[in-house]
Structure formats: C-alpha cells, structure tokens
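What follows is a set of notes on a single structure, which appears directly below.
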Amino acid sequence: MADVKLAAETRTEFGKGAARRIRRDSKVPAVVYGHGAEPVHITLPGHELQLALRTPNVLITLDIEGKTQLAIPKAVQRDAIKGFLEHVDLLVVTRGEKVNVEVYVHTEGELAPGAYLLEHVLSTLNVEAEATHIPESVTVSIAGLEAGDSILAKDIPLPEGTTLVTDEDAVVLQVLAAQAEEAPAEGEPEATEA
C-alpha cells in the first residue's frame with residue numbers, strides 16, 4: 001500500500017470563482033471530514049495529488065499547517081473532457097481503524113483451450129481492512145477454467161487482516177462459450193453490406 005505525504009493549506013474562499021483561481025494555480029480544492037469533526041476545506045498541490053491518486057486506496061498523510069492527518073480518498077471529481085482534478089473528498093482515518101473500501105480483482109493464468117470468453121461480472125470487491133494496510137488489489141487464478149465455470153467472491157483469496165464485505169455468493173467471474181456466427185442456410189442469399 002502506498003503512503004504519500006502532501007502539504008495542504010486551509011482555504012477560506014468558496015464557490016466557483018475561488019475554485020477556478022485555485023485550479024489556475026495548479027492546485028486542487030479538497031475537503032477533509034470524518035470522526036465527527038467539522039469538515040476542513042483545504043488546497044492540495046495538483047501534480048502531486050494526481051500522482052498519488054494513480055494508486056487505488058492510497059493512504060495520504062496530510063500536513064495541514066503543521067498538524068498531520070491520515071486520510072484516504074473518498075470521492076474524486078474530474079473534468080469530463082480534459083480529465084484534470086476538480087475536487088477531492090478525503091476521509092480521516094486513524095492507525096488501526098478498519099475501513100470499507102473497494103479493491104480491484106485481477107486475473108492470472110489462461111482459460112482451458114477452446115473458444116471461451118471470461119466475463120467480469122464484478123471488477124471490484126468491497127472489503128474491510130485496516131486503514132494502514134489496505135490492499136491495492138486481489139488476484140485470482142483462472143487457469144484451466146471452462147464454459148460454465150464461475151468464481152464466487154468467497155473463492156478469492158484475501159490478504160491477511162482483510163475481510164470480505166461483498167456477498168460471499170456473488171459471482172465475480174464466469175466463463176462463457178464463444179458464440180459462433182451462424183452460416184446462412186442453403187438457398188438463402190448471404191447478407192451483403194449496403
């Protein structure tokens with residue numbers, strides 16, 4: 001799990017105009033909340049935050065005017081066209097605290113020989129883990145699976161200290177037989193493009 005340190009500045013200006021000025025300075029407006037405390041509105045360095053958010057469930061150590069605070073990203077708003085960060089919500093966490101997060105499911109291995117397709121019914125799993133030990137992803141082997149085989153959430157090995165929140169009988173992956181295109185019957189003309 002990645003642990004990133006970012007220097008944050010508190011902000012007192014709000015609204016679209018203030019947010020635009022912040023983004024013009026290559027910074028990102030953000031809010032930190034949780035543990036019953038009042039939300040703290042901050043400004044974060046844009047480039048460093050963009051790099052940090054490349055890692056799923058990154059643990060961020062914020063330096064807010066000399067005080068350190070651990071947080072994880074809860075909601076990230078990006079510009080729909082250009083993709084730059086518009087706003088980030090961060091959730092306060094403490095060492096030893098359990099949090100619910102989504103982790104990506106990665107596959108390894110090859111399906112059995114034949115015309116099979118692997119369908120990702122769920123691309124992420126909801127898990128509970130200690131805030132300082134959140135896995136970036138989980139990996140499951142699909143080696144030798146054939147049509148009709150499926151992998152349930154309870155079949156995916158989780159790292160130590162991580163518990164499954166997703167329904168354990170939920171289908172995560174399933175293998176389907178590839179559908180061949182039907183040949184035209186004798187006497188029928190083949191379809192042509194217009």
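Miscellaneous remarks
- Residue within the stretch 8-29 that is surrounded by 13 or more Cβ atoms within 10 Å (Cβ to Cβ) and under 19 Å from the mean Cα position of the chain (by Cα) present: no
- Here Glu181 meets the list (1) open to solvent by 60 Å² or more (accessible area, probe 1.4 Å); (2) over 28 Å from Pro73 (Cα atoms); (3) modelled with pLDDT of 80 or more; (4) not aromatic (Phe, Trp, Tyr) almost entirely, failing just condition (3).
- Test: residue in the stretch 52-59 that is part of a strand (DSSP E or B), touching an Asp or Glu at 6+ places or on another chain (Cβ under 6 Å) and on the phi < 0 side of the Ramachandran plot: yes
- Here Ala80 fulfils each of the conditions (1) at pLDDT below 85; (2) touching a Leu at 6+ places or on another chain (Cβ under 8 Å); (3) among the hydrophobic types (A, V, I, L, M, F, W, C) apart from (2).
- Among the residues of the stretch 58-79, those that are within 16 Å of His41 (Cβ to Cβ) and exposed (fewer than 12 other Cβ atoms within 10 Å of the Cβ) comprise Glu65, Lys67, Ala75.
- Test: residue in the stretch 83-102 that is of a type outside the set (A, V, I, L, M), out of contact with any helix residue (DSSP H, G or I) (no Cβ under 6 Å at 6 or more places or on another chain), at pLDDT 90 or above and open to solvent by less than 60 Å² (accessible area, probe 1.4 Å): no
- Among the residues making up the stretch 126-146, those that are open to solvent by less than 30 Å² (accessible area, probe 1.4 Å) and either assigned to a strand (DSSP E or B) or closer than 19 Å to Val175 by Cβ (or both) are Val127, Ala129, Val138, Val140, Ile142.
- Taking the conditions (1) part of a helix (DSSP H, G or I); (2) surrounded by fewer than 18 Cβ atoms within 10 Å (Cβ to Cβ); (3) touching a strand residue (DSSP E or B) at 6+ places or on another chain (Cβ under 9 Å) in turn, Leu49 satisfies each one other than (2).
- Any hit, the stretch 113-121, residues being at pLDDT 90 or above, under 29 Å from Thr162 (Cβ atoms) and in a loop (DSSP other than H, G, I, E, B): yes
The values are calculated or read from the model by the stated rules, or taken from the named source; none is laboratory data. Every value quoted in this text rests on a predicted model; they were computed, and no experiment measured them. In this analysis, Cβ positions are derived from the backbone assuming ideal geometry, glycine residues included, and neighbour counts consider all displayed protein chains. With ligands, DNA and RNA removed, areas are computed over all heavy atoms of the protein, side chains included. Shrake-Rupley method; radii C 1.70, N 1.55, O 1.52, S 1.80 Å.
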